[in-house]
Structure formats: structure tokens, C-alpha cells
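Below: one structure, written as C-alpha cells.
The values are calculated or read from the model by the stated rules, or taken from the named source; none is laboratory data. Just so it is clear, the structure is predicted and the values come from calculations on it, not from any experiment. Cβ sites come from the backbone with ideal geometry, for glycine too, and all protein chains shown count toward neighbours. The area values use the complete protein model at the heavy-atom level, side chains included, leaving out ligands, DNA and RNA. Shrake-Rupley method; radii C 1.70, N 1.55, O 1.52, S 1.80 Å.
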Amino acid sequence: AWKKHSAQGFTTKEQFEDETVRHVETTLARSLFNCDELAAYSGASLAFRDRLVIEWNKTQQRQTFADQKRVYYLSLEFLMGRALDNAMLNVGLKDVARAGLKDLGFRIEDVISQEHDAALGNGGLGRLAACFLDSMATLNYPAWGYGLRYRYGIFKQEIVDGYQVEVPDYWLDFNPWEFPRHDITVDIQFYGHVSRHQDEDGKNVAVWEGGEIVDAVAYDVPIPGFQTPTTNNLRLWSSKASKGEFDFQKFNSGDYEASVGDQQRAETISAVLYPNDNLERGKELRLKQQYFWCAASLYDIVRRFKKSKKAWSAFPDMVAIQLNDTHPTLAIVELQRILVDLEGLDWVEAWGIVQNTFSYANHTVMPEALEKWSVPVMQNLLPRHLQIIYEVNSQFLQMVEKQFPKDRDMLRRVSIIEESQPKMVRMAYLATIGSHKVNGVAELHSDLIKSTIFKDFVEIYGPDKFTNVTNGITPRRWLHQANPRLSELIASKLGGYEFLTDLTKLNKLEHFLDDKDFKKEWQEIKYANKVRLAQHIVNTTGVRVNPKALFDIQVKRIHEYKRQQLNILGVIHRYLTIKAMSAEERKKLAPRVSIFGGKAAPGYWMAKTVIHLVCSVGEVVNNDKDVGDLLKVVYIEDYNVSKAEIITPASDISEHISTAGTEASGTSNMKFVLNGGLIIGTCDGANIEITREVGESNIFLFGNLAEDVEDLRHAHNYGSFKLDPDLAKVFDAIKDGAFGDANRFTALCSSITDHGDYYLVSDDFNSYIKTHALVDEAYKDQDAWLEKCITSVSRMGFFSSDRCIQEYAEMIWNVEPLVPEQRN
Ligand code: 26V
């Protein structure tokens, strides 16, 4: 219904050109004679930004006026990628822009690719937050995102001599998509001490005094919905020295250097995104980031609520706060502090409000990723918050003690405070106790958390507090934007683009399985996408790959649990097999390109070794004339959102091969299938639900099941470990120096052969190799392959992040959309 919605701002090609040129000449103060692609990008972005701003303001007014419940999505990461292409498509004026830019002498693709990715995230968790913002706006939910405005996003990855090198990502040089709000500044306190005072009514109140103040300044980013005027807000906080606090006194006393030092220290808080995913290191600066962002966001949310003049008891009817993992858990403590210390509410009433406001999504079961903060560190930085945590814990443990009398082990197990040296605050427990709902992100994962980390809590609270919301992806970015030709072909068959807002409509595609022209065009589109990726590969690596070969892709953060090592060891096995084949046998083999990409955390040495092994194997295989096109191995540098938009549509097969029970969900698995690629995967995360939807015959599953992992590990450690014989040959080749100095790979090999093979590479190797042989077989029958692809796409409706957001809204947040009235 909103397809024709047209706000003020341009609508025609001519108007777009005028606006773009005006911005280049006046806003950017550049002459049209030296208008390069970057200037064209800037001008076009400003033209689109003007349009967004109008709807953005209206949306905020409408939401204020409607006075209904809002969602606040708190995430330390928002992996947004590029904004211009998305804005063009959501507003519905990409064709207008294309024609206008062409008149001005530019190709729209070149202009779009000038934009620097907004890379404020590590991987899946951050990208999920970005997909959720898109869905919340598209579904007209009154929703805000809150995050940190890092000066440096995730580092850029360069591959130098086959090794990862990290380069800082300074991305704020020119960012037309953010609006500084210098008038929205919040004082954030750190350190100091707590004293007790009597208030007017003689009540004993805690007062947090002293320490230092840092300012949080708001920067707002408009989030346009697709084919709707709703434009939501993402508010990112930036840290700045507080005027009153530091510099005045020091400037006055002439201590210029100290003043500058203080300012820099303040700005350090929002300076960099921590590049670890799934590894908690307990750095104080990270805790500072967390509190800084939680306190600023809570202040903002509470201020907005107070304007409504409602009673505090109505707070949870007006506000839902979603915690993206445990990173924002301090928001729970901060709200309790505001209600009790600053607003004078009774403890129990306040705690009821807190619990009804918050919900917490868990994204990992890996013990090394579970956040814990040392009590002494927290005592020093946030003395009042630590007191509140102890009080929450004490009341919680009293409740548990009543329910399970004399079960001292239970009390020890569920206590928020781990009695270690030093004592630690267990953030996942605090988040669980402070929320009314806890969810996992795929069925298996949600079951696993109930039977492992939250087992005791299920007994204490009953099973209803724990639920599942399987992840999803936005079909706007991951189909329409990344794969415009496929989107167009689908629209031509389904009679329009409704599938982009109701992805279940894809199921009608199954009616066209016998449509020869349709299938031919589908295949051509896949081929064109592979040609485009091959072009990117030759441009960036110099390796020429044959787009007719089977493209086998694994792109994601490098982690032992994701098992890129299994993939590359399998590739070596394939190489050795090819070398041993006769010319006749070789003719029967489908040529392959094994494509890897992803960043390793800078301190994760084993992950960096895996990258080096992939590059070293590529060096040998790609230059082996005897192998030719039968096998190529490439490492794509600096995998990020905009690269994913090129890579995802180009797969024939993609790899999602984590040790069963370790990958909470995975979301790239969904993106690849939605783009007409099949997947090889383990029974893990959302692979299981993908299988249920697309059918077992349309996916290549292999490997041990989650339920058997524990026993297998036990057998490695206490029984005898038998290395898979094919894998043994692979290790022999590595040790013989087939891929360069074997010493560089000793630790990687011995983690499997001598140190317990924690991720079960050897146990799954045979099944993996055999399943790849099935892939080879299946690929020979191109007709049958194509049918699998189309059938799979038609059954992917469930994995839209729209479905996922609707589940959160109904089951967890209890919020209603605010549908704008249609303009005439
Ligand atoms: C954890 C930590 C630990 C402390 C240091 C910094 C840091 C940064 C990020 C994280 C999050 C790790 C959890 C994560 O990214 N989980 C992924 O979430 C995806 C979305 O739900 C899911 O698809 C992936 O399976 C899961 O690994």
C-alpha cells in the first residue's frame, strides 16, 4: 500500500539530479568539474538523507503522540554495512537514482561502492541487530536501537604473505548518515564511593558521590523501513570529556597537558570496538564501555517516560528493553538504581518493574564467551552497582533457599557471585534473574541452554521463562539488494514484490519447477553472480578462477568451533586425491573453487594459523599446472557486510560445519540458501530448522550429533584416540612440507592428534569427505541440482527476520505496530 508513498524531497530523476548537484556544490563546496565518484556518492547520499529526515521526524512525532509501548534494542554491536543502496531501495527510488546518476556521468554501482561500511560489530550478533532494525522499521514497530559510536569499527584485514595483518578502521571521515545531537548529552559517573544519608522523610538512602564524570553525546542514525514511511532511530553514544569536570580547573591552573590527557582518556571509552567474538577477557575499559552506554541509554529512556507523567508502575507497559546478549546487563542494575536511589521507590516495587521491563537473548553456550566481571574491578568502577547486585543476589538466594531448603550446592551454583579468587559477577545469571523472558536463537540452542547453563534456573522459575526465537535475516538486504536480478525474476513469476515483506509467498515458486525459461534464467543469474565474484577474486588476489566450476564457500569469523580447519584439511585431501587420479578419473570430476574468508581475533593465534594454512595450500594448489581448474583455493581479504553482498549470491555450496552443539544459530546459512545455494552442514544451530523446512534431500548433512559430543570427548581423553586414516595422510603431507615450513602448522595439527581433538575434526572427517563426494555427484546432474536450489528458496519463508521480530513483539515485548495513515 505504501509503494507510491512520496514525501517531500525529490521524486523525479530531474529533481534527484538537481538535489545531488546542489549538495555537491553547496553542502560539499565542490565544483562540478572535479566531481568524482566519491563526490557523487556524497551528493546522492545527502539527497536521499533529506528524504529520510522528513519521514524520520514525522515518525518520531507520531510515536510520541501515540503514547504506546516502545521497544529499545540494546546492542554493543550494529553491523550495518552500507546505507545508500538500502535507503534507495527502501524509499523505492533506486531506478530514479540510477537514471539520474547516469545523466551525471556515473554508474550507480560505482557510486554505491564508494561508501565505507559501517562495521560496528564482529559478526553474527551485530549483523542480527542490523537485520532486526530493518524488520522493526518495516513492520512499523515503535523501536529504537541504542549502541556505541565507535571511532574505529572492526579492523580491516589485510593478507600479507599469507598472514592476517590488522589495520585500523577509521570510518568517520565523512558519514552523511549520522546526526550529532550536541544538545542531548548525559553525564556518566565512574568510580567514587557510596555514602548513606537520611532524606526528608527520614528514609535511609544511598548516595553515589565523587569519582569522575564523562559526557555521553548522542549521534542519531535514521533507519528507514521498506515501503513504509516509518523511519526509526538508532542512537549511538560517543564519549567526551565533561566540560565542568576536568579541563576548566586544569586549564586555569595552566596544566594544559594534563587537561588534554583527560580529554583523550574520556574519548577512549567509545574509541574502539573490541574485536573478540566469543572470548571474554575482562578488560576494565570494556566494562566502562558497557556502563557508559547502558547509563546513557537508560537516562534517555527514563526521561522520555517521565514526560508522559505516568505512574512508575506503568513503566513496563510503556517500555520493553531487549538485551542483545549479556553485554547490556548493567542496564538492569542501573534501572534499579534510578528507581530506588533517585526516584525513591520501594526496593520490591522497583525490582518488579525492572523484571517486567527487561528480556535477555543468549547467543552462545561456549563457556569462554560467558561474561564474568571481577568483583574488585566492579567495586572500584561502579561501587553502588555492586551493592545493588549483592542485594539482588541475596534476595534471590533467599527465595531459592525457601524453594529448595538446605540445598547448599544449588545456592552455590546459582549465585550471581562466583566464589572464586577473585570473586566474579556472572552476568548471564544476573540477566536471567533481572528479566521476565530469556531466549535462545535456534531450537537446538534454546534446548541446550535449558539443559546446561540455565538448568537450575529452569527448576527455579519453571520452563515458561525460557523460550526460543529462531533467528532470521532481512530479505530486503539479503535478497533484493544483494541479488537484484534474482529478486526481479522471482517478482516476475509471483506477480510482484510482496514476497519481500511476506517471505512465505516464495512457496509459490514451486509451481515453476517445470518452467524451462524460468530455470534457464535462474541458472544464468547464478552464473552471472559467480562471474562477478570471480572478477572480485582476480582483482584482489590475482587468482583466476573458472566461474563454471563448483563454488564452495565458507565465510565467517575464524574460530576453531566453526571448523575452517576441517574444511582446509578436506581440501588437502581432495588435492592429494586428484594428484593420485588417472586422466580418465579426472575427467569425471567437477572442477571446484574453495573460497574462504573471515577475520581472526587479533590475539587468537590458532585462528591465524588456520588462515595461514589456507593461504599456503592456495599457493601450492593454484600453481600446480597438473591440477589446473580442477581445484583452486582462495582467501578473500577483509570479509565484511558489503563483501558478503557479492559473495552470498555466488555460491553453489556453502559450509556451516561447526561441531554439533556449538553454533547457536548461524545466519549466513539462511542467506546462502535464500540466494539459491545449497549447504553442507552439521546438525547444529539453524541448520536443523533449515533442513526441516527445505527437506532432507535438499541439504548435505554430515557428522556426529550434539548428544554424542560429550561422550566422544570423554573417549578422546580417557580412552584411546584413533586418528582417521585419511586425515592421517593429510597430516603426513603437511609434515612433509608440501605446503611450506611444517613447523608453522605443528600446533594446529597436534591440537587434533595429541591434545584431545576438542572440536571432533577427526571424528567427523570421514563423514565430511563422503558427503563432499555426494556433492560432486549431485552437481553433475545440473537439472536436479537446480531443482533442489529452487525448491529450497521457495521454502525459506520462515527465516525472514520479520517473522522473528513478530515473535519477539508478541511473545516477549508485548508491543503493537504503529501503522502510519496512508497519504493520498
Ligand atoms: C561475545 C563477546 C565476549 C566478550 C568479548 C567481546 C564479545 C563480543 C561478542 C560476543 C558475542 C559472541 C556471541 C555471538 O556472536 N554469537 C552469535 O550470534 C549469532 C546471532 O544470534 C548466531 O547466529 C551465532 O551462531 C552466534 O555465534
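Any residue in the range 354-373 that is more than 29 Å from Val469 (Cα to Cα) and charged (D, E, K, R)?
no
Against the condition open to solvent by less than 10 Å² (accessible area, probe 1.4 Å), touching a helix residue (DSSP H, G or I) at 6+ places or on another chain (Cβ under 7 Å) and at pLDDT below 95, how does Ser259 come out, does it pass? Taking the combined requirement at face value, the residue satisfies it.
The criterion of being free of Cβ contacts under 8 Å to residues at least 24 places away in the same chain and among the hydroxyl-bearing types (Ser, Thr, Tyr) does not hold for Thr682. Among (1) crowded, with 24+ Cβ neighbours inside 10 Å; (2) under 20 Å from the mean Cα position of the chain (by Cα); (3) among the polar types (S, T, N, Q), there is one condition Thr59 misses while meeting the rest; what is its number? Going through the list (1) crowded, with 24+ Cβ neighbours inside 10 Å; (2) under 20 Å from the mean Cα position of the chain (by Cα); (3) among the polar types (S, T, N, Q), Thr59 breaks only (2).
Taken as a whole, the range 605-620 holds no residue that is in contact (Cβ under 8 Å) with a residue 40 or more places away in the chain, assigned by TED's automatic domain parsing to the domain that holds His772 and not in a helix (DSSP H, G or I). Selection of the range 510-533 for residues being surrounded by 22 or more Cβ atoms within 10 Å (Cβ to Cβ) and not charged (D, E, K, R) yields Trp522, Asn529, Leu533. Residue count for the range 438-453 under the criterion of being within 16 Å of the ligand (Cβ to nearest atom) and either open to solvent by 60 Å² or more (accessible area, probe 1.4 Å) or outside any helix (DSSP H, G or I) (or both): the result is 9.
Give Gly756, Gly719, Gly685 a once-over and let me know the one that is open to solvent by 10 Å² or more (accessible area, probe 1.4 Å), at positive phi and of a type outside the set (Ser, Thr, Tyr).
Just a single option satisfies the conditions, and that option is Gly756.
Within this structure, Asn539 fails the test of being of a type outside the set (A, V, I, L, M), assigned by TED's automatic domain parsing to the domain that holds Ile680 and touching an Asp or Glu at 6+ places or on another chain (Cβ under 9 Å).
One residue stands out in the range 561-587 among those that are closer than 22 Å to Lys729 by Cβ and among the charged types (D, E, K, R): the one that is least open to solvent (accessible area, probe 1.4 Å), namely Arg563. Being assigned to a loop (DSSP other than H, G, I, E, B) and buried (at least 18 other Cβ atoms within 10 Å of the Cβ) holds for only one residue in Val815, Val793, and it is Val815. Counting the residues of the range 354-382 that are away from the ligand (no atom under 13 Å from the Cβ) and open to solvent by 10 Å² or more (accessible area, probe 1.4 Å) gives 8. Picking from residues in the range 339-349 that are over 17 Å from Leu386 (Cα atoms) and in a helix (DSSP H, G or I), the one that is least open to solvent (accessible area, probe 1.4 Å) is Glu349.
Looking at the range 474-487, can you tell me whether even one residue there is open to solvent by 50 Å² or more (accessible area, probe 1.4 Å), assigned by TED's automatic domain parsing to the domain that holds Gly677 and either more than 30 Å from Trp351 (Cβ to Cβ) or not in a strand (DSSP E or B) (or both)? Within the range 474-487 (the criterion being open to solvent by 50 Å² or more (accessible area, probe 1.4 Å), assigned by TED's automatic domain parsing to the domain that holds Gly677 and either more than 30 Å from Trp351 (Cβ to Cβ) or not in a strand (DSSP E or B) (or both)), the answer is yes, since at least one residue qualifies. Taking the listed residues Ser435, Ser492, the one that is over 24 Å from Ile636 (Cα atoms), away from the ligand (no atom under 16 Å from the Cβ), of a type in the set (Ser, Thr, Tyr) and in a helix (DSSP H, G or I) is Ser492, with no other qualifying. Counting only residues that are assigned to a loop (DSSP other than H, G, I, E, B) and either in contact with a Pro (Cβ under 9 Å, 6 or more places away or on another chain) or outside the structural domain of Phe78 (by TED's automatic domain parsing) (or both), the range 179-203 holds 2 of them.
Mind telling me which of the residues Ser665, Ser697 ends up being farther than 24 Å from Glu524 by Cβ, among the small types (Gly, Ala, Ser) and buried (at least 22 other Cβ atoms within 10 Å of the Cβ)?
After ruling out the rest, the residue left standing is Ser665.
One residue stands out in the range 64-107 among those that are closer than 17 Å to Leu133 by Cα, among the polar types (S, T, N, Q) and part of a helix (DSSP H, G or I): the one that is nearest to the ligand (Cβ to nearest atom), namely Asn86. Of all residues assigned to the range 406-429, none qualifies as being within 16 Å of the ligand (Cβ to nearest atom), in the same structural domain as Phe132 (by TED's automatic domain parsing) and under 30 Å from Asp341 (Cβ atoms).
For the range 121-178, the set of residues classified as open to solvent by less than 30 Å² (accessible area, probe 1.4 Å), in a strand (DSSP E or B) and away from the ligand (no atom under 16 Å from the Cβ) consists of Ala143, Trp144, Tyr146, Gln157, Gln164, listed by residue number.
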